[in-house]
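Visitor: Sharing a structure, written as structure tokens. Questions coming.
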Amino acid sequence: MTDRKIGMSPALGAPYDAINNPKHYNSNPSGIEAIEFIEHLKANVANAMKYLYRGGMKGDIIEDYRKAIWYTFREIRRILVFEQQADADELSEARFRKDMATVKEILDRWVDRA
């Protein structure tokens, strides 16, 4: 016996369950699941898009958008490493953390103004 909840997706009228088709996967008004377009993208870009597309459907929207930024910075770093052969400073973990801290500071200021 299972304790998974099984029902119908409101957007698509398709069956869902907590493992294979959670409600938040089909909660976008377009009715399109994120995986339908992100599976064609590079991993970091796909994850960023997923967090943007489903932002707030499962939890805190700000946390979701911060995760999207984190994946975006990871992709920038990947491009610098593998495609542009950037210098060591641009690729360092310290630089990555500093850039992320700067983005967090900017976001916090925007939130404080709201």
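Visitor: Out of all the residues in the range 28-39, is one or more in contact (Cβ under 8 Å) with a residue 24 or more places away in the chain, assigned to a helix (DSSP H, G or I) and under 29 Å from Met100 (Cα atoms)?
Guide: No, every residue in the range 28-39 fails to be in contact (Cβ under 8 Å) with a residue 24 or more places away in the chain, assigned to a helix (DSSP H, G or I) and under 29 Å from Met100 (Cα atoms).
Visitor: Scan the range 87-114 for residues that are of a type in the set (Phe, Trp, Tyr) and either over 19 Å from the mean Cα position of the chain (by Cα) or modelled with pLDDT under 75 (or both) and report the count.
Guide: Selection size over the range 87-114: 1.
Visitor: May I pose another question? Does any residue of the range 9-19 turn out to be modelled with pLDDT under 90, out of contact with any strand residue (DSSP E or B) (no Cβ under 9 Å at 6 or more places or on another chain) and part of a helix (DSSP H, G or I)?
Guide: No, because not a single residue in the range 9-19 is modelled with pLDDT under 90, out of contact with any strand residue (DSSP E or B) (no Cβ under 9 Å at 6 or more places or on another chain) and part of a helix (DSSP H, G or I).
Visitor: Looking only at the range 40-64, which residues are out of contact with any Phe, Trp or Tyr (no Cβ under 7 Å at 6 or more places or on another chain), touching a residue at least 24 places away in the same chain (Cβ under 8 Å) and assigned to a helix (DSSP H, G or I)?
Guide: Residues satisfying the conditions are Val45, Tyr53, Ile62.
Visitor: If a residue must be within 26 Å of Lys104 (Cα to Cα) and acidic (Asp, Glu), how many such residues does the range 13-71 contain?
Guide: 3
Visitor: Given the conditions (1) modelled with pLDDT under 85; (2) closer than 23 Å to Lys23 by Cβ; (3) of a type in the set (S, T, N, Q), and given that Asn47 satisfies all but one, which numbered condition is not satisfied?
Guide: (1)
The values are calculated or read from the model by the stated rules, or taken from the named source; none is laboratory data. What you see is a predicted model, and the numbers here were worked out from it, not measured in a lab. Every residue, glycine as well, gets a Cβ built from its backbone with ideal geometry; the counts of neighbours run over all protein chains shown.
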